[in-house]
1. Please verify whether ALA23 is assigned to a helix (DSSP H, G or I) and either over 20 Å from the mean Cα position of the chain (by Cα) or not charged (D, E, K, R) (or both), treating the condition exactly as stated.
2. Please enumerate the residues belonging to segment 5-17 that are touching a helix residue (DSSP H, G or I) at 6+ places or on another chain (Cβ under 8 Å) and surrounded by fewer than 14 Cβ atoms within 10 Å (Cβ to Cβ).
3. Output the qualifying pairs, or none if there are none: Cβ atoms under 8 angstrom, residues six or more apart or on different chains, first residue in segment 16-28 and in contact (Cβ under 8 Å) with a residue 24 or more places away in the chain, second residue of a type in the set (A, V, I, L, M, F, W, C).
4. Is it the case that VAL99 is open to solvent by 60 Å² or more (accessible area, probe 1.4 Å) and modelled with pLDDT of 95 or more?
5. Within segment 80-95, can one find any residue that is part of a helix (DSSP H, G or I) and at positive phi?
6. Starting from segment 40-69, keep only residues that are of a type in the set (Asp, Glu), then list their pairs with residues that are assigned to a helix (DSSP H, G or I) whose Cβ atoms are within a distance under 7 Å, requiring at least 6 positions of separation or different chains.
7. Could you list, in sequence order, the residues of segment 3-51 that are touching a Phe, Trp or Tyr at 6+ places or on another chain (Cβ under 7 Å) and among the small types (Gly, Ala, Ser)?
8. Take TYR57 and decide whether it is open to solvent by 90 Å² or more (accessible area, probe 1.4 Å), over 14 Å from the mean Cα position of the chain (by Cα) and among the aromatic types (Phe, Trp, Tyr).
Amino acid sequence: MTLLISISAAVISTLVWYCNARARNLKIGTLVLMYWGASLMWLVDACAEYIEIGSAYFTPAAADMLNDAFLGFTVVVLGMVIWIASLLIRDPAGTLHNVLSKNH
């Protein structure tokens, strides 16, 4: 489940990055790389688990699937939080700088 969720997030963010020039200006490439990195990590984890337990890998318990789904969504949200924090720090459009300078 974690692999499926992270690959879905990686594909969606890649499509947004590729199709939208404004998204590239907002440094969405950082988010894309984080999601593809997480997907690669979960792929290696899935391969290792398959080698360890064999065909039982394809029949997980419902509780395990729920835990994996929760972990997958947590990774996606954490990636977004890190991307937003880096976006606020870099401030590529100068929006935060403009807002702060108006208050002074």
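1. Criteria met by ALA23.
2. Within segment 5-17, none qualify.
3. Hits for this filter: ASN25/ALA93; LEU26/LEU87; LEU26/ALA93; LYS27/TRP83; LYS27/LEU87; ILE28/VAL16; ILE28/TRP17; ILE28/TRP83.
4. no
5. no
6. Filtered contacts from segment 40-69: GLU49/TYR57; ASP68/THR2.
7. Once the filter is applied, which keeps residues that are touching a Phe, Trp or Tyr at 6+ places or on another chain (Cβ under 7 Å) and among the small types (Gly, Ala, Ser), segment 3-51 yields SER6, ALA9, ALA10, SER13, ALA23, GLY29.
8. So TYR57 fails the test.
The values are calculated or read from the model by the stated rules, or taken from the named source; none is laboratory data. Remember, it's a predicted structure, so these values are computed and weren't measured experimentally. All Cβ positions, even for glycine, are placed from backbone atoms using ideal geometry, and neighbour counts span all protein chains on display. To get the accessible areas, we keep the full protein, side chains included, count just its heavy atoms, and leave off ligands, DNA and RNA. Shrake-Rupley method; radii C 1.70, N 1.55, O 1.52, S 1.80 Å.
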